[in-house]
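These notes concern the structure reproduced below.
The values are calculated or read from the model by the stated rules, or taken from the named source; none is laboratory data. For clarity, every value in this text was computed on a predicted model and none was experimentally measured. Positions of Cβ are generated from backbone atoms using ideal geometry, with glycine treated the same way; all protein chains shown enter the neighbour counts.
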Amino acid sequence: MLVLSRHRDESIMIGDDVVVTIVDIRGDKVRLGIDAPQSIPVHRQEVYEAIQRENRRASQTDPEATRTVAPPRETRPPREPRDVRGPRPNRNDY
(Lines give C-alpha, C1' and ligand atoms only; values in the text may rest on other atoms or scores of the structure.)
Protein backbone atom coordinates (compact mmCIF):
# COMPACT_ATOMS: atom_id res chain seq x y z
CA MET A 1 0.00 0.00 0.00
CA LEU A 2 1.29 3.43 -0.92
CA VAL A 3 0.72 6.02 1.82
CA LEU A 4 0.84 9.70 0.83
CA SER A 5 0.43 12.88 2.84
CA ARG A 6 -1.67 15.64 1.30
CA HIS A 7 -3.09 18.92 2.53
CA ARG A 8 -6.54 20.29 1.75
CA ASP A 9 -6.96 21.17 -1.96
CA GLU A 10 -4.01 18.99 -2.95
CA SER A 11 -4.49 16.08 -5.35
CA ILE A 12 -3.21 12.63 -6.19
CA MET A 13 -3.15 11.27 -9.76
CA ILE A 14 -4.05 7.63 -10.40
CA GLY A 15 -2.92 6.75 -13.90
CA ASP A 16 -3.64 9.42 -16.50
CA ASP A 17 -7.39 9.69 -15.89
CA VAL A 18 -8.20 9.71 -12.18
CA VAL A 19 -7.64 12.68 -9.86
CA VAL A 20 -8.28 12.36 -6.13
CA THR A 21 -8.45 15.73 -4.35
CA ILE A 22 -8.55 16.36 -0.60
CA VAL A 23 -11.66 18.53 -0.32
CA ASP A 24 -11.93 18.94 3.44
CA ILE A 25 -10.50 17.64 6.70
CA ARG A 26 -12.68 17.71 9.82
CA GLY A 27 -11.33 15.95 12.87
CA ASP A 28 -10.72 12.33 11.92
CA LYS A 29 -12.71 12.55 8.65
CA VAL A 30 -11.31 13.39 5.26
CA ARG A 31 -13.58 14.35 2.35
CA LEU A 32 -12.27 13.30 -1.03
CA GLY A 33 -13.28 14.49 -4.47
CA ILE A 34 -12.73 11.94 -7.23
CA ASP A 35 -12.64 12.97 -10.87
CA ALA A 36 -12.69 9.89 -13.11
CA PRO A 37 -14.07 9.04 -16.55
CA GLN A 38 -17.61 7.63 -16.52
CA SER A 39 -16.23 4.34 -17.82
CA ILE A 40 -14.48 3.82 -14.47
CA PRO A 41 -16.91 2.92 -11.67
CA VAL A 42 -16.19 4.63 -8.34
CA HIS A 43 -17.85 3.25 -5.19
CA ARG A 44 -17.29 3.29 -1.45
CA GLN A 45 -15.80 -0.06 -0.42
CA GLU A 46 -18.94 -1.25 1.40
CA VAL A 47 -21.08 -0.45 -1.66
CA TYR A 48 -18.63 -2.26 -3.96
CA GLU A 49 -18.69 -5.34 -1.72
CA ALA A 50 -22.51 -5.33 -1.67
CA ILE A 51 -22.59 -5.14 -5.48
CA GLN A 52 -20.16 -8.06 -5.70
CA ARG A 53 -22.26 -10.16 -3.28
CA GLU A 54 -25.43 -9.45 -5.24
CA ASN A 55 -23.73 -10.30 -8.54
CA ARG A 56 -22.50 -13.62 -7.11
CA ARG A 57 -25.98 -14.41 -5.74
CA ALA A 58 -27.63 -13.57 -9.06
CA SER A 59 -25.16 -15.72 -11.01
CA GLN A 60 -26.03 -18.71 -8.80
CA THR A 61 -29.79 -18.45 -9.38
CA ASP A 62 -31.37 -21.72 -10.47
CA PRO A 63 -32.60 -21.25 -14.08
CA GLU A 64 -35.71 -23.30 -13.23
CA ALA A 65 -36.69 -20.71 -10.62
CA THR A 66 -36.99 -18.04 -13.31
CA ARG A 67 -39.23 -20.02 -15.68
CA THR A 68 -42.39 -18.78 -13.95
CA VAL A 69 -41.39 -15.14 -14.36
CA ALA A 70 -43.47 -13.51 -17.09
CA PRO A 71 -41.56 -11.82 -19.91
CA PRO A 72 -41.72 -8.03 -19.95
CA ARG A 73 -44.76 -6.54 -21.64
CA GLU A 74 -44.21 -4.77 -24.90
CA THR A 75 -44.07 -1.06 -24.25
CA ARG A 76 -45.39 1.59 -26.56
CA PRO A 77 -43.31 4.62 -27.44
CA PRO A 78 -44.26 7.71 -25.43
CA ARG A 79 -47.08 9.77 -26.91
CA GLU A 80 -46.46 13.30 -28.00
CA PRO A 81 -47.98 15.81 -25.58
CA ARG A 82 -50.86 17.74 -27.04
CA ASP A 83 -52.41 20.99 -26.05
CA VAL A 84 -56.03 20.23 -25.17
CA ARG A 85 -56.96 23.91 -25.18
CA GLY A 86 -56.48 24.29 -28.90
CA PRO A 87 -54.28 26.78 -30.69
CA ARG A 88 -53.41 30.05 -28.98
CA PRO A 89 -55.06 33.15 -30.45
CA ASN A 90 -52.85 35.61 -32.25
CA ARG A 91 -52.40 38.99 -30.53
CA ASN A 92 -53.75 40.68 -33.63
CA ASP A 93 -57.05 38.80 -33.28
CA TYR A 94 -58.19 41.01 -30.37
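Residues that are surrounded by 11 or more Cβ atoms within 10 Å (Cβ to Cβ) and not in a loop (DSSP other than H, G, I, E, B) within the range 1-28 comprise S11, I12, I14, V18, V19, V20, T21, I22, V23, D24, I25, listed in sequence order.
Here R44, R31, R57 are screened, and the one residue that is of a type in the set (K, R), surrounded by 11 or more Cβ atoms within 10 Å (Cβ to Cβ) and modelled with pLDDT of 75 or more is R31.
Scanning the range 31-66 for residues that are assigned to a loop (DSSP other than H, G, I, E, B), hydroxyl-bearing (S, T, Y) and farther than 30 Å from D9 by Cα returns a single hit, T61.
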